[in-house]
Amino acid sequence: MASIRVISEAAAEAGLQAAYRRVSAARGRLANILKVHSVSPEAMTAHLDLYRHAMFGPSELSRVEREAIAVAVSTANACHY
């Protein structure tokens, strides 16, 4: 399994602290899938924006269908969703 270095919330400096606050405010917590971007706060917030658009933006798929696809893909990849 790959190991990705992450910067803890306690060790985060200004730009990363702001990104952590934005991500935490959006989800109520800091998910590991976003924390792996800690070496690039811009990538972290872009990932959050992409997620929001994919799950909540305009689509022919309902919210339930989008969640079902996410669960199926996570199961196929043996990862926690």
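Conditions tested, residue by residue: (1) modelled with pLDDT under 95; (2) on the phi < 0 side of the Ramachandran plot.
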position	(1), (2)
Glu9	yes, yes
Ala12	yes, yes
Ala19	yes, yes
Gly28	yes, no
Ser38	yes, yes
Pro41	yes, yes
Leu48	yes, yes
Met55	yes, yes
Val64	no, yes
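Of all residue pairs spaced 6 or more apart or on separate chains, those with beta-carbon atoms under 8 Å, a first member in the range 55-66 that is touching a residue at least 12 places away in the same chain (Cβ under 8 Å) and a second member that is polar (S, T, N, Q) are Arg66/Ser59. Taken together, the residues in the range 39-58 that are touching a Lys or Arg at 6+ places or on another chain (Cβ under 8 Å) and not in a helix (DSSP H, G or I) amount to 1. Sub-7 Å Cβ pairs linking a first residue in the range 25-46 that is touching a residue at least 24 places away in the same chain (Cβ under 8 Å) to a second residue that is open to solvent by 40 Å² or more (accessible area, probe 1.4 Å) and assigned to a helix (DSSP H, G or I), at least 6 apart or interchain, are Pro41/Gly15; Thr45/Arg22, ordered by first then second residue.
Of all residues in the range 1-37, those satisfying the criterion of being small (Gly, Ala, Ser), under 28 Å from Ile69 (Cβ atoms) and out of contact with any Ser or Thr (no Cβ under 8 Å at 6 or more places or on another chain) are Ala2, Ser24, Ala25, Ala26, Gly28, Ala31. Leu61 falls short on exactly one of the conditions (1) outside any helix (DSSP H, G or I); (2) surrounded by 14 or more Cβ atoms within 10 Å (Cβ to Cβ); (3) of a type outside the set (Gly, Ala, Ser), and that condition is (2). Of the residues making up the range 20-30, one or more are open to solvent by 50 Å² or more (accessible area, probe 1.4 Å) and part of a loop (DSSP other than H, G, I, E, B).
The values are calculated or read from the model by the stated rules, or taken from the named source; none is laboratory data. In this text the structure is predicted, and so the values were computed from the model without any measurement. With ideal geometry, Cβ positions are generated from the backbone for all residues, glycine too; neighbour counts draw on all protein chains shown. Surface accessibility is based on the protein's heavy atoms, side chains included, excluding ligands, DNA and RNA. Shrake-Rupley method; radii C 1.70, N 1.55, O 1.52, S 1.80 Å.
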